[in-house]
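Down below is the structure, laid out as structure tokens.
The values are calculated or read from the model by the stated rules, or taken from the named source; none is laboratory data. If you're wondering where the values come from, they're calculated on a predicted model, not measured in any experiment. Backbone-built Cβ (ideal geometry, glycine too); neighbour counts: all protein chains shown. Quick note on the areas: whole protein, heavy atoms, side chains included, nothing else; ligands and nucleic acids left out. Shrake-Rupley method; radii C 1.70, N 1.55, O 1.52, S 1.80 Å.
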Amino acid sequence: MMKQILVLHGPNLNLLGTREPEMYGRLTLAEINEKLAALGEQLGAEIRPLQANSEGALIDALHAARAWADGVIFNPGGYTHTSVALRDAVAAIGLPVIEVHLSNVHARESFRRHSYIAPVCVGSITGFGWRSYAVALRLLAGTDDE
Ligand code: DQA
């Protein structure tokens, strides 16, 4: 059976491609989503990408995922470092969630080293550009089990 994966992108990630490209790469969000869809096809997983700038919309998307998704790849953007409400949503839904970041959050300002979200995720992947998402997709698709 095809696994259904929510790929949830948080605030400012709609600007990828032009936003600090030396930090986040030159791919647009649409291009990242295309690459993930192609990889998903290879792995037998169907991805549903969604981007939102507001915390409430991200929480609603996480709640809605309970009804259809097998797992979530989540880049919470700046909310990573601020949001108790998003952490509570991740903890509430009972789905495996992998936190991802394009940049290496540990190599930047000290405020980025703390994540409210990470403790309620299966794990975190940070610093590999769009490939952070690709690794998370492989893990959720269950192709790296052995
Ligand atoms: C980010 C890292 C966050 O610290 C930052 O606020 C972002 C992007 C990343 O993907 O590297 O918006 O989540």
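Go through segment 17-26 and report how many residues are assigned to a loop (DSSP other than H, G, I, E, B), away from the ligand (no atom under 12 Å from the Cβ) and not hydroxyl-bearing (Ser, Thr, Tyr).
Within segment 17-26, residues that are assigned to a loop (DSSP other than H, G, I, E, B), away from the ligand (no atom under 12 Å from the Cβ) and not hydroxyl-bearing (Ser, Thr, Tyr) number 2.
Here are the criteria: (1) surrounded by fewer than 22 Cβ atoms within 10 Å (Cβ to Cβ); (2) in a strand (DSSP E or B). Tell me which single one Glu31 does not satisfy.
(2)
Within segment 11-22, can you find the residues that are open to solvent by less than 70 Å² (accessible area, probe 1.4 Å) and farther than 17 Å from Ala134 by Cα?
Pro11, Gly17, Arg19, Pro21
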